[in-house]
Structures are given as structure tokens and as C-alpha cells.
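Below is one structure, written out as C-alpha cells; comments come after it.
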Amino acid sequence: MKTQRLLFVVAAVGLLALLTIVPAANAHVENNMPDSVAEMEYRIFLEFKPKDFATRVKLATVLLNQDKLAEAEQEFENALNLDPNNLQAHLGLSILRLKQGKTGEALEIIKKALEIAPDAPSVYLNYGKILEAHNRPEQAREMYQKGLNKTAGSPENSGTGHERQQLETALRNLQDNQDITPTN
């Protein structure tokens, strides 16, 4: 029993030492581990640094990915209490509201995200998805197109890569879905 406690203390001290050296941004190497493992890693990290905003948003996102919506909501709210104007927290919370079927609330949150970062393609992508869920396909199309039209030189715009592909796919899917006419 004493040996187990000693091992636990040694492991905790080692982890604490590691956490003081490793910056929060490197706490999780995205896409290299399952969400359940990342969740545990983030929770441990936050035990030692509860006000670490970046890790809190990552935990909320991982919880959202696992459909742990109540926990994700709490973490996004905690993150917004630390930084009320953070784009990632607003985007995550808008996606969470969409998953909950609260499209009206999702719409209000994404409008705030647009105010925060009017040049970020991810805002237009999520705005379009929310509008689609709100049964407003023409406005969704406009949002996707605006995201695609953002200049590549804008500091908030990383739309030349993955986000651009997502916008193009969303626009194409929207068009494909509207081209389908029901048959009787």
C-alpha cells in the first residue's frame, strides 16, 4: 500500500513537472489519439492549471465530439467566462446548440462569432450549417460563398486549406440536396 502511494506521488510530481514545461498548446497533438484519451489528458492538465483557456476549449471540443453535450456545454461556458470574446469557444458552443436542436440559440451565438472574427472562414462554414438546419438554404449558400470569397491575405483567413475544402463541400452538398425533387 505504501509502495502504491509512493508510486502515485512520484507519478503526480513527474506529471506536474512535465506540465510546467509543456505549454498548453502542446498538451494534445490533435488527431494522434482517440478523443477518450485526449479527454483524460485535458482533464489532468486542467487539474493543475484550471484557468488554461486553450486546454479548456480543447476539452470542450473533445466532449462535443463524443456527444457528451452537458459536459461540453459546461466547459464552453467555463471557457467563455475566462475569455468572453474567444472565437473557438463561440464556434464550439454554436455547434453544441445545433446538436441540441436549438437552432435559434445557435444562430445568436454564431452572429456573435461573426462580430468577433468577420474574416474567419470557419465562422461562415458554421453559420451556413446553422442556416441550413434552420431551413434557410439560400442564406446558407450566401454564407458558404462569403467564406469562399474571403481574401487569402486576411489575418483571420486560413481558408486556402481544410476550411476552404469544407466550404466547397458544404456548398456542393447544399446544391445537390436542392437539385433533388421528390417523386410520388
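One residue stands out among those in the range 58-86 that are touching an Asp or Glu at 6+ places or on another chain (Cβ under 8 Å) and within 22 Å of Glu108 (Cβ to Cβ): the one that is surrounded by the most Cβ atoms within 10 Å (Cβ to Cβ), which is Ala60. Residues that are within 26 Å of Leu131 (Cα to Cα), outside the structural domain of Gly128 (by TED's automatic domain parsing) and aromatic (Phe, Trp, Tyr) are absent from the range 42-52 altogether. Selection within the range 29-61: residues that are among the aromatic types (Phe, Trp, Tyr) and more than 14 Å from the chain's Cα centre (by Cα). The member of this set that is nearest to Leu91 (Cα to Cα) is Tyr42.
The values are calculated or read from the model by the stated rules, or taken from the named source; none is laboratory data. Just so you know, these numbers come straight off a predicted model, no measurement behind them. With ideal geometry, Cβ positions are generated from the backbone for all residues, glycine too; neighbour counts draw on all protein chains shown.
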